[in-house]
Every structure is written in structure tokens, then in C-alpha cells.
Amino acid sequence: MTAQPGVNLRVNGDRLWDMLMDMAKIGPGIAGGNNRQTLTDEDAEGRRLFQRWCEDGRLTMGVDTMGNMFMTRAGTDPDALPVYVGSHLDTQPTGGKYDGVLGVLAGLEVVRSMNDLNIKTKHPIVVTNWTNEEGARFAPAMLFAGMLTQEYAYARKDMDGKSFGDELKRIGWLGDEEVGARPMHAYFEYHIEQGPILEAEDRQIGVVTHCQGLWWLEFTLTGREAHTGSTPMNLRVNAGLAMARIMEMVQGVAMSEQPGAVGGVGQVKFSPNSRNVLPGTVVFTVDIRTPSQEKLDRMRAKIEAEAATICETLGVGCSVEAVGHFDPVTFDPKLVASVRKAAEDLGYSHMDIISGAGHDACWAAKVAPATMIMCPCVGGLSHNEAEEISKDWATAGADVLLRAVLETAEIVG
Ligand code: HGY
Ligand code: MN
Ligand code: MN
């Protein structure tokens, strides 16, 4: 059976859902979600399952020196650049079953549906799993992109002092391809919204036009370790107090830049982290984001200046390193239009949306035309084991992905 564009172009939603549930069994969390952090044994197991499914679908694998996986379905024109479609299989420590995973497995489902429908395309299709999208274990997030030196990336350490490079070798996923050596015709990423808008507006599809920019500012505050009982208040050099005041200040800066700005802290490390010792060192990362370049730069400047003043007042040492950044992203208008048209042709409700979370597509957009598709998630919840979507939502977005990818890859015959 050959496909007639627009007639029977839909994925097999049951097969996609079964793949999601099978992948979710690898690196289970403790509350129904997943803990499949990058470069762990669980990540390696998930990669092997993905590889097996792809090879069953007659895809050929390439892996680069950051462990990024590229699963290729040949096109009819060997000189045509591939259309890439993917996301990430790594999860947060208390992550959900769908963040990233949906985009990788829906990309595979697109290819499996093309196989079922005996569709040929001019451009090859490459389904991709990007390493370390989350940045939970090794900062920064989305380390795959080749935007940093490999030496820097390999030297990044997790909280237990293990390095990215050693862990990549240990799990057996150090490839031989050069990072960033694959030119792309286009890049699509399908992802859960991770926010409340689509569900609240009762829309099945998010047509993602932009992604907000972000800074991750890692502060290292230096106080003086001292007894929490016998040290008088006026003799304390309290790095913990300085951190608390900085966190409060970050909240104020983000609120002063409404609408459309966020700021907060997700990770803190006290040393020696003993309940009756004032911390000698406090390390924490401030995460600020907004779609406005002007606001993003202003927020960073304000936070760094006010943090220095807070620390000076308390006699606490203060250093800051930007460990993650990308400017606000505008996705490719032509690809955005193909997503919107696919949703319309399929009769799915849709709306334009700006991505609140960062994605691999934000880096791909620097080197190729890129865009995203989103589906709702229950209560807008993500980066939480209770993250949930419906099979219908998952399938609708994958149908849109199939049509947008085929329009871009050009059906032949
Ligand atoms: O931080 C992010 O937005 C992404 O989930 N890594
Ligand atoms: Mn993600
Ligand atoms: Mn995430």
C-alpha cells in the first residue's frame, strides 16, 4: 500500500504507547516516574533497547564522541541532507516517563509508520537521542551540542566526583563520530509542554514558535565553618544566610520583570552539610529564563550585582560562573508553518506557544532550520514523577510529526 499524502498518514498510537511504557520500565523511579540519569547503567540499558527497536526497523546506527545516537533511514537521494527528528532518553532523578522520551520514540514511530506505509523520501530521516539533555547529573544541560569543547565536557563532574568522559566510556557508549559533523536539512523535536497552557486552553497541539532564553548561574559562597551553638551571632560569617537572601532577591528580580520571566534555585550544596556546623561553602545554581533578550540580560546583571552586595554586607566570599546559557530562540517559520498545516489537515486543535523549558532543538536551531511540536501534560506538571499525558495526546502529536517530517523530507513515488 503506498501512501496518498493527506489520506492515511497517521502513526500507530498503540505501538508508540507500548514503546513508552516499555522504556519506562528501565530506571524506574520510586513514585511511578523514572530515574534514568545520563551515563548511568540505566541510561545504557535504555539506549540498548532504543538501538534494538531501531535496528528492527532497519535503521543504521552512528554514535559520536559525546554518545549522541543517530539512527538513519536511507532516502532516495544520497546527496540530500537528512531530516533529523529526536530528543533525549535521559531523565531527571525524579523525572517523568515522557519528558524527552516521547520525542525520541515518536521519531522512531514516524519511521516505523513510514516502513508500514512503504513510504520513500528524497531526504534520509535520522532519529536522534541526544546525550545529557537534562544537565541534572552533569551541568550544563544539553551538553551534546558541541558548543563547548569536548575537553570541558569530559571533565564535568557529578556530585560523586565521577567525570562525564569516564562515565561515557564506562557504559560503552563512546562513539567515534566527530561531534557536530552531521549537517542537517531540518530538525524536528516533539515534546510534552511541561507547562499548563495547552491543557488549560483545551488544545491538542502546541505549534512552538519560540523558546525562552536561559542563564544558569552557579554561585560559590565562602563563609567560615563554626559551631551553630557556641558562636555568637555577631561573630558569624554565614554563607547559608547569604544564600537565603540571594534566593529571596532572585524571586524579587523575576517578579519585577513580569510578565514572562522566571527565576529560582533547584540545587544547593552545603559543605560540610552538618546540622550543627555553619557552612564553610555553599554552592547553588540560579536558573533564570524569559523570552525577552533584554529582560534576560537585565536580570542576570541585577542578580550578580545584588548578590555581590549581599555577600559583602555579610563578609561572605562570592564567585559566580555561568554554567548554562542560550539566548531566546526563534524557530524556523517554514517548519513552524508545516507543523501548523499538519495539525489543521488532521483536524487537531492547536495554538502557537513559546517553550518555557529548554530543549535540544534550541541548539539544533543554531546550525539548521529547527522547530518543535508539543502536546499537553496533565496539570502542566513535569520534572516530577507524577508527570502524565494521555495516549490520545501522544498520538496526535506524533501524527503531526509524521506529516511535518514527510513534507520536509519529500515523499518520492
Ligand atoms: O532545563 C530545561 O529546561 C530542560 O528540561 N533541560
Ligand atoms: Mn526534555
Ligand atoms: Mn527535562
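Between segment 53-85 and segment 28-44, what's the alpha-carbon centroid distance in Å?
25
More than 19 angstrom separation, counting every C-alpha pair in segment 217-315; what % is that?
Summing the P(r) of segment 217-315 above 19 Å gives 44 percent of all pairs.
Using R₀ = 25 Å, calculate the FRET efficiency as 1/(1 + (r/R₀)^6) where r is the Cβ-Cβ separation of Asp116 and Glu45; round to 0.05.
Numbers: r = 27 Å, r/R0 = 1.09.
E(calc), rounded to 0.05, equals 0.40.
How do Asp64, Asp90, Asp176, Asp22 line up, fewest other C-beta atoms within 10 Å first?
Fewest-to-most ranking of Asp64, Asp90, Asp176, Asp22: Asp176, Asp22, Asp64, Asp90.
Total Lys pairs in the chain closer than 19 Å by alpha-carbon, pairs eight or more apart in sequence or interchain only? Display every interim value, and only then the final one.
Numbers: Lys25/Lys97; Lys25/Lys391; Lys97/Lys391; Lys122/Lys334; Lys157/Lys169; Lys157/Lys269; Lys162/Lys269; Lys334/Lys366.
Total qualifying Lys-Lys pairs in the chain comes to 8.
May I ask for the Kirkwood hydrodynamic radius of segment 60-110, worked out over all distinct Cα pairs and given in angstroms to one decimal?
By the Kirkwood definition, the hydrodynamic radius is 12.6 Å.
Cut-off is 10 Å between beta-carbons; in what order do Thr395, Thr290 appear when sorted fewest neighbours first?
The fewest-first ordering by Cβ neighbours comes to Thr395, Thr290.
Quick one, what does Rg over Rh come out to for segment 1-151 if you take C-alpha atoms and the Kirkwood Rh?
0.99
Once the convex hull of the C-alpha atoms of segment 113-191 is built, how many Å³ does it hold per residue, rounded to a whole number?
Hull volume normalised by residue count: 139 Å³.
Using Cβ-Cβ distances only, list the Cys residues of the chain with no partner cysteine under 4.7 Å, sorted by number.
Those would be Cys54, Cys211, Cys362, Cys375, Cys377, since no other cysteine Cβ in the chain comes under 4.7 Å of theirs.
Find out how many positive minus negative residues lie around Leu9, taking Lys and Arg as positive, Asp and Glu as negative, among other residues whose Cβ is under 12 Å from that of Leu9. All intermediate terms of the calculation are to be shown ahead of the outcome.
On the way: positive: Arg10, Arg403; negative: Asp116, Asp345, Asp399, Glu407.
Here the count lands on -2.
Between helix 391-409 and the chain, what is the angle of the helix's C-alpha long axis to the longest principal axis, kept within 0 to 90° and rounded to the nearest 10?
In the chain, helix 391-409 runs at an angle near 70 degrees to the longest axis.
What is the diffusion coefficient of segment 157-222 in µm²/s, taking the Kirkwood radius over Cα pairs and the Stokes-Einstein relation at 4 °C with a viscosity of 1.567 mPa s? Don't jump to the answer; show the numbers that get you there.
Values: Rh = 17.3 Å.
Result for D is 75 µm²/s.
Any chance you could check the Cα centroid distance between segment 195-231 and segment 367-413 for me, in angstrom?
The distance from the Cα centre of segment 195-231 to that of segment 367-413 comes to 24 Å.
Enter the per residue convex hull volume of the chain, computed from alpha-carbon coordinates, in Å³ rounded to the nearest integer.
134
Among Glu193, Glu167, Glu134, which one shows the biggest mean-square fluctuation in a GNM of the chain, springs joining Cα atoms closer than 10 Å?
Most flexible of the set in this elastic network: Glu167.
How much of the DSSP bridge set in segment 1-157 is antiparallel, in percent, rounded to the nearest 5?
70
Provide the net charge surrounding Tyr98, with neighbours chosen by a C-beta distance below 12 Å and charges set as Lys +1, Arg +1, Asp -1, Glu -1.
Net of charged neighbours comes to -3.
Mean residue ellipticity at 222 nm from the helices of the chain, using -39,500 (n - 2.57) per DSSP H segment of n ≥ 4 over the full residue count, to the nearest 500 deg cm²/dmol?
After summing the helix terms and dividing by the residues of the chain, the value is -10500 deg cm²/dmol.
If you average 1/r across every pair of different Cα atoms in segment 70-171 and take the reciprocal, what Kirkwood value do you get, in Å?
15.3
Any idea what the relative contact order of the chain is, in percent, if you count C-alpha pairs under 8 Å spaced at least 6 apart?
Once normalised by length, the contact order is 24 percent.
Read-outs: derived from the displayed coordinates by stated rules, not from any lab. This is a predicted model, so every value here is computed, not measured. Every residue, glycine among them, receives a Cβ derived from its backbone with ideal geometry; neighbour counts consider all protein chains shown.
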